[in-house]
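The values are calculated or read from the model by the stated rules, or taken from the named source; none is laboratory data. Treat the numbers as computed from the prediction; the structure is a model and nothing was measured. We place every Cβ from the backbone using ideal geometry, glycine too, and count neighbours over all the protein chains shown.
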């Protein structure tokens, strides 16, 4: 990741953008996304998940955040993590299978999924789905 940032700094300096501005952008984004991710993840109990899986999942979230994945998509990834954990199905390979799809969903697609989850008979928390739908509008 540092190599990527170094290249961006070089490109930014060629365009007349101060390196400090780029660093501040990444730091601000990292802090904002860390807060959003932690807010979602705190709700789960991950004591039964292997350390290797925890590291792989955390790294993927961090990498996705630094890659520029939208905050709503990251929140959706966290909600998927919580849902998989509640059903005792959370493993890194299974989660990583879905991350490319989740990372590229548009806000409209997330909204449709949120509405569908409200009416799905296995929906765990309909109030949360309604709140998330409202937050996306």
Which members of the stretch 47-70 meet the condition of being closer than 20 Å to residue 33 by Cα and in a loop (DSSP other than H, G, I, E, B)? 68, 69, 70
So which residues in the stretch 41-58 are over 13 Å from residue 102 (Cβ atoms) and within 11 Å of the chain's Cα centre (by Cα), if there are any at all? 41, 58
Condition check: within 13 Å of the chain's Cα centre (by Cα), closer than 29 Å to residue 8 by Cβ and modelled with pLDDT under 85. Does residue 32 satisfy that? yes
Kindly indicate whether residue 111 is part of a helix (DSSP H, G or I), buried (at least 16 other Cβ atoms within 10 Å of the Cβ), modelled with pLDDT of 85 or more and not assigned by TED's automatic domain parsing to the domain that holds residue 26. yes
As an exercise: evaluate residue 88 against (1) more than 16 Å from the chain's Cα centre (by Cα); (2) in contact (Cβ under 8 Å) with a residue 40 or more places away in the chain; (3) under 21 Å from residue 39 (Cβ atoms) and give the number of the one condition it does not meet. (3)
Of (1) at pLDDT 85 or above; (2) surrounded by 18 or more Cβ atoms within 10 Å (Cβ to Cβ), residue 65 satisfies all except one. Which? (1)
I'd like to verify a number: residues in the stretch 71-105 that are assigned to a loop (DSSP other than H, G, I, E, B) and crowded, with 17+ Cβ neighbours inside 10 Å, how many? 2
Can you confirm whether the stretch 121-132 contains a residue that is at pLDDT 85 or above and either more than 30 Å from residue 8 (Cα to Cα) or in the same structural domain as residue 8 (by TED's automatic domain parsing) (or both)? no
